[in-house]
Every structure is written in C-alpha cells, then in structure tokens.
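What follows is a structure written as structure tokens; I'll ask about it next.
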Amino acid sequence: MTSSAQMNAPAPSSLRLVLTLAIAGLISGIAIIGIYESTLPTITANKARELREAVFKVLPGVSEMQQLVYRDGNLVVTEERRKDEQAVYGGYDRDGDFVGYAIPAAGPGFQDTIGLLYGFAPQQKHVLGMEILESRETPGLGDKIYKDAEFVGSFSALSIEPNIVAVKKGAKARPNEIDAITGATISSKAVVRIINEAHAEWSKRLPPAGSEPPLRGTGPAGSGGSP
Amino acid sequence: MKQNESYEEFIKGIWRDNPVFVQVLGMCPMLAVTNSAVNAIAMGMATFFVLVGSSFLVSSFRNWIPKQVRISCFIIIIATFVTVADYTLLALVPKVHKELGAFIPLIVANCMILGRQEAFSSRYPVRLAVMDAMGMASGFLLALFSLGAIREILGDGALFGIDLFGENFEPWIIMILPPGGFLTLGVILLFFNWFRFKKDEFLADVAAAERGGNG
C-alpha cells in the first residue's frame with residue numbers, strides 16, 4: 001500500500017532528496033564520533049596492556065619497562081614517537097637494573113606478515129623469549145609458531161651470534177640452533193629470519209653492552225635525556 | 001491473530017526462509033569466519049545487532065525516506081550500526097575482533113541485511129519489521145553456529161576451545177581451512193533440500209490419501 005502510494009506521488013524535489021541524505025549523513029556522523037570517542041580510551045588501554053604483557057613475557061624477570069626511541073643515532077627514553085621512528089622497549093628488574101631489550105620485528109610469513117616481539121640480552125647476546133603478535137599462518141600447521149609451547153620455549157637462552165638457524169626437528173646441536181616445527185617449516189624459518197634481520201639491523205643501533213639507558217626516575221644522576 | 005502474525009514473521013527466518021540454508025544469502029561471512037564456534041557466534045551477534053537496529057530505523061522512517069534515495073539511506077543506516085558494532089567489539093573483546101578482522105566492516109555488504117530492508121522493513125510497520133529482522137538474524141546466527149561448531153569439532157577436535165576427544169584425535173585440518181567451509185555448507189544444503197523434498201512428497205501423499213478417502 002505504501003509503495004503504491006509512493007509510486008503515484010509526484011517525484012519529490014531534488015532539495016528534499018539532498019536534505020534527506022544530508023540529515024541521514026549528519027546523524028550517522030554524530031553516532032560514529034560518539035562511539036569512537038567513547039571506546040577510544042578502552043581500546044588504547046587494551047593495546048598498551050597487550051604490549052606490556054608481551055614485553056614481560058619475552059623478558060623473564062622484568063617488572064618495569066620503558067620505551068626507547070631510536071633518534072639521531074641514539075636511544076632516547078621517551079613516551080612520544082613519530083611515525084617514522086622505530087622503538088624498542090627496555091626491560092628492568094625490581095632493582096631497576098637493565099635486563100634486556102624487547103624488540104618488535106615483522107616480516108613475510110607463509111601467508112601474511114608475521115609481527116613478533118623478541119627479548120634480547122645484549123650482555124650474553126642471547127634471545128630470551130619470543131612472542132608472536134600478529135599472524136595469519138595456516139590454522140593447525142603454521143599457527144604452531146605461537147601455539148606450540150615447545151617451539152616458543154626454544155627461544156629462551158638462545159644464542160643469536162652469528163645468527164639463529166632453524167634445523168630439522170631433533171637435529172639441534174649448537175646453542176644457536178632451534179628445532180623447526182614439522183609441517184610448518186616455512187613459518188618456523190620465517191620467524192627465525194625475521195629475528196635475524198631485526199638483530200642485524202638493531203645491533204648497529206644499540207649502545208655497547210653495559211651502557212644501556214637506565215630506567216627513568218631511578219637511574220643514576222646525569223643520565224640525561226629525561227626531562 | 002496479531003500475535004500469530006508477528007510470531008510467523010519471526011519463525012520463518014529460522015526455518016522456512018532461513019537466510020543461509022534456504023535463501024543462500026550472506027555467503028561471505030558464512031564461509032570466512034566459521035572456522036570456530038566462537039568466531040561464528042561473534043559474527044552472528046554482530047550481524048543480529050546490525051540487522052535488528054537497521055530494520056527498526058528503516059521501518060520507523062519508511063514514510064519519510066523518498067524512494068529515489070532509499071538505498072543510499074539504508075546503506076547509511078546499516079554502515080552506522082556496523083561501525084558501532086566494530087568499535088564495541090574492538091573495545092570489549094579485542095581477541096575476537098582480531099580473528100574476525102576485515103569481516104566486521106564487511107557486514108555492510110552482507111546482502112541479507114540490505115535485502116531485508118528493501119523487501120520487508122521499508123514496507124511493513126515497526127513491530128513486524130523488528131520481528132522479521134530478529135527471525136532472520138537468529139536464523140543466520142544459528143546457521144553460522146552450526147557450521148562453526150561442525151568445522152571446529154572435525155577440524156580441531158574441540159568446541160569453544162574445549163578439547164573433546166583427547167590426545168589420540170587426529171584433527172581433520174582441512175575443515176578449518178577455507179575448503180572445509182564449502183564442504184560443510186554443501187552437505188548442510190544437501191540435507192535441507194532433501195528434507196524439503198521429502199516434506200513436499202509427504203504432503204502430496206497426504207493430499208492424495210485425503211482425496212481418495214473423500215471420493
């Protein structure tokens with residue numbers, strides 16, 4: 001009935017059409033701004049918490065962390081980071097002593113980019129832990145890079161010099177070798193390659209072992225960099 | 001009478017006109033995010049919210065929206081609800097949101113939702129439109145859940161992440177990969193059509209028997 005009445009009615013003016021769409025767009029815009037503003041704090045908090053948990057996971061024994069931004073050839077302790085700047089996270093134990101860096105890295109996996117975070121102890125040149133942050137690897141096979149506790153666990157006290165090598169399962173002999181996952185060799189090798197590449201990149205940038213930026217607030221006086 | 005009518009609008013979406021198994025609409029989310037029961041339910045709930053919300057608004061404003069711009073208005077309304085659902089999921093259940101990924105914004109393009117607005121909500125009063133939307137959305141949710149549950153049980157040996165068969169179960173991995181979606185959906189569609197065929201046959205038999213009895 002309604003539709004037949006509309007059929008017979010004269011065509012509405014263009015103004016009415018424009019106004020209808022404008023009002024609909026306006027209301028929709030306001031609704032979207034409202035939901036964006038009201039969920040933003042939760043979303044930001046979630047992301048920060050996820051990152052914190054990941055840092056604590058890859059650096060065992062850490063109780064404090066701070067962001068270190070690579071700026072003009074130095075690591076700067078700061079909360080702010082420009083889009084083109086890269087950052088690592090410094091992990092410190094209860095006494096404020098430096099434990100290691102948590103370094104984010106990403107690279108191509110079997111299906112899509114794998115994003116991960118690994119813990120690095122510069123003194124021993126060891127990988128302390130690895131956590132996959134982002135991956136779309138094949139369920140049941142490639143996703144073992146984060147579901148297989150044995151594989152994830154093999155990234156602890158793992159020597160990174162000269163580089164990490166993924167070998168066939170059971171063939172691990174040297175401290176810089178890890179067992180690849182059976183059926184997910186490409187994904188395992190991708191993880192290893194991503195860490196090796198990130199390590200090659202960051203080893204040029206990180207300060208020599210022993211002169212890491214101290215934890216802000218508790219570090220010795222004159223450390224500089226912190227306002 | 002009125003009660004029956006709205007009940008009828010609700011129930012038809014679940015069985016007789018099930019959007020997935022009978023109308024074969026909304027196939028993209030159907031195949032893409034049903035690799036686990038949890039994902040399927042999250043997707044179904046998001047779609048439920050969007051469909052019921054949009055149907056309510058479209059039906060309320062059906063006399064004000066000029067028919068020349070109705071599709072644009074429907075899309076604006078649907079897209080707004082989708083954005084709301086997107087941010088809500090991101091804030092409340094970030095893990096599920098990560099799994100569903102791009103498929104939440106793509107609810108906008110779910111032909112079932114726009115189809116209900118065009119075919120039903122824009123022509124009927126609010127009460128019927130909401131009942132119809134709830135029925136269709138429940139049908140969709142049920143379909144997603146059955147597919148997700150079957151695929152998770154066969155492909156992962158678990159349901160809602162709880163292991164069902166123990167260590168000795170060798171997961172049938174293809175079921176949680178994309179081909180598993182097509183296989184499962186095909187088998188379910190086969191069942192639905194066989195059932196309908198049987199029912200028609202049965203009704204025809206009954207009708208014939210009655211005619212025979214009367215004659």
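Restricting attention to segment A:93-115, does a residue exist that is within 14 Å of chain B (Cβ to nearest Cβ), over 14 Å from the mean Cα position of the chain (by Cα), surrounded by fewer than 16 Cβ atoms within 10 Å (Cβ to Cβ) and closer than 28 Å to B:TYR87 by Cβ?
yes
Does at least one position in segment A:55-69 carry a residue that is of a type in the set (Lys, Arg) and assigned to a helix (DSSP H, G or I)?
The answer is yes, given that some residue of segment A:55-69 is of a type in the set (Lys, Arg) and assigned to a helix (DSSP H, G or I).
In addition: Looking only at segment A:11-54, filter to residues that are among the β-branched types (Val, Ile, Thr) and more than 7 Å from chain B (Cβ to nearest Cβ); which one of those is nearest to the chain's Cα centre (by Cα)?
A:THR44
Give B:GLY181, B:GLY186 a once-over and let me know the one that is assigned to a helix (DSSP H, G or I) and out of contact with any helix residue (DSSP H, G or I) (no Cβ under 6 Å at 6 or more places or on another chain).
None of the other options fit; the residue is B:GLY186.
Counting only residues that are under 20 Å from the mean Cα position of the chain (by Cα) and aliphatic (A, V, I, L, M), which one in segment B:182-213 is farthest from the other protein chains (Cβ to nearest Cβ)?
Result: B:LEU190.
Mind checking which pairs have a first residue in segment B:56-80 that is more than 10 Å from chain A (Cβ to nearest Cβ) and a second that is among the hydroxyl-bearing types (Ser, Thr, Tyr) and part of a loop (DSSP other than H, G, I, E, B), Cβ under 8 Å, 6 or more apart or different chains?
Taking only residues 6 or more apart or on different chains, the pairs are B:VAL58/B:SER122; B:SER59/B:SER122; B:SER59/B:TYR124.
Just the residues that are away from every other protein chain (no Cβ under 13 Å) and either under 16 Å from A:GLY142 (Cα atoms) or among the polar types (S, T, N, Q) (or both), please, taken from segment B:159-181.
Once the filter is applied, which keeps residues that are away from every other protein chain (no Cβ under 13 Å) and either under 16 Å from A:GLY142 (Cα atoms) or among the polar types (S, T, N, Q) (or both), segment B:159-181 yields only B:ASN168.
In addition: Please verify whether segment B:120-139 includes one or more residues that are more than 12 Å from chain A (Cβ to nearest Cβ), among the acidic types (Asp, Glu) and either part of a helix (DSSP H, G or I) or within 17 Å of B:ARG70 (Cβ to Cβ) (or both).
Yes: one or more hits.
The numbers here are math on the coordinates, done by the rules we state, and not lab data. Model, not experiment: these values are computed from the prediction. Counting neighbours? That spans all protein chains shown, and the Cβs are built from the backbone with ideal geometry, glycine included.
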